1. For Gly31, state whether it is at negative phi, modelled with pLDDT of 95 or more and outside any loop (DSSP other than H, G, I, E, B).
2. I'd like to verify a number: residues in the stretch 59-79 that are crowded, with 17+ Cβ neighbours inside 10 Å, without any contact (Cβ under 8 Å) to a residue 12 or more places away in the chain and over 15 Å from Tyr121 (Cβ atoms), how many?
3. Could you please tell me which pairs satisfy a Cβ distance under 6 Å, a separation of 6+ or placement on different chains, a first residue in the stretch 23-35 that is farther than 15 Å from Phe82 by Cβ, and a second residue that is of a type in the set (D, E, K, R) and surrounded by 17 or more Cβ atoms within 10 Å (Cβ to Cβ)?
4. Looking only at the stretch 92-121, how many residues end up being buried (at least 17 other Cβ atoms within 10 Å of the Cβ), free of Cβ contacts under 8 Å to residues at least 24 places away in the same chain and over 19 Å from His77 (Cα atoms)?
5. Quick one: would you say Leu14 is surrounded by 15 or more Cβ atoms within 10 Å (Cβ to Cβ) and either of a type in the set (S, T, N, Q) or at pLDDT below 95 (or both)?
6. Name the single residue that is modelled with the highest pLDDT among those in the stretch 37-93 being aliphatic (A, V, I, L, M) and outside any helix (DSSP H, G or I).
7. State yes or no: is Ser126 surrounded by 18 or more Cβ atoms within 10 Å (Cβ to Cβ) and closer than 23 Å to Arg22 by Cα?
Amino acid sequence: MRAWLERVEREKGLDVLEAQSRRGVIVSFVGLALILLLGGIQLMAQSDNNAFLPLLIRLLPIVLFLPAVWTRRARGHVWLAFVSLLYIMQGVMLASLAGHAVVGVLEAVTATGLFFSSMAYARFRSRNQRQHRQA
């Protein structure tokens, strides 16, 4: 795996890979946030008192990483990848419930995309910064 990544880095260049993985992070981040928003609204509609707590619990962990994504910090993207694992588990759990299969699968797939793209961005960003410091 490491040899394959290093070959891809030589062929495409770190700048291109960093930009591509950044686009992947943004697309999957926004997609996951929208899915979580729709799921939270659905939970609010099912609740008797229309409290915002289900929406807050679903969205808060990912929204806390918005500054790290906005400022392009590699370490923040690594932590975002770890938190996206929670959303993968939640999506798989939702997919096993009757009536929530589609939302659960979408959440798991989007969170998996966020995991891979944020890990890739952290790798390519840190290697690119290290390369520019050495030059």
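The values are calculated or read from the model by the stated rules, or taken from the named source; none is laboratory data. Fair warning: this is a prediction, and the values are worked out from it, not measured in the lab. Backbone-built Cβ (ideal geometry, glycine too); neighbour counts: all protein chains shown.
1. Against the criterion (at negative phi, modelled with pLDDT of 95 or more and outside any loop (DSSP other than H, G, I, E, B)), Gly31 qualifies.
2. 0
3. Final answer for the pair search is Ile35/Glu107.
4. 2
5. yes
6. If we take residues in the stretch 37-93 being aliphatic (A, V, I, L, M) and outside any helix (DSSP H, G or I), then Leu64 is modelled with the highest pLDDT.
7. Spelling it out, it is not the case that Ser126 is surrounded by 18 or more Cβ atoms within 10 Å (Cβ to Cβ) and closer than 23 Å to Arg22 by Cα.
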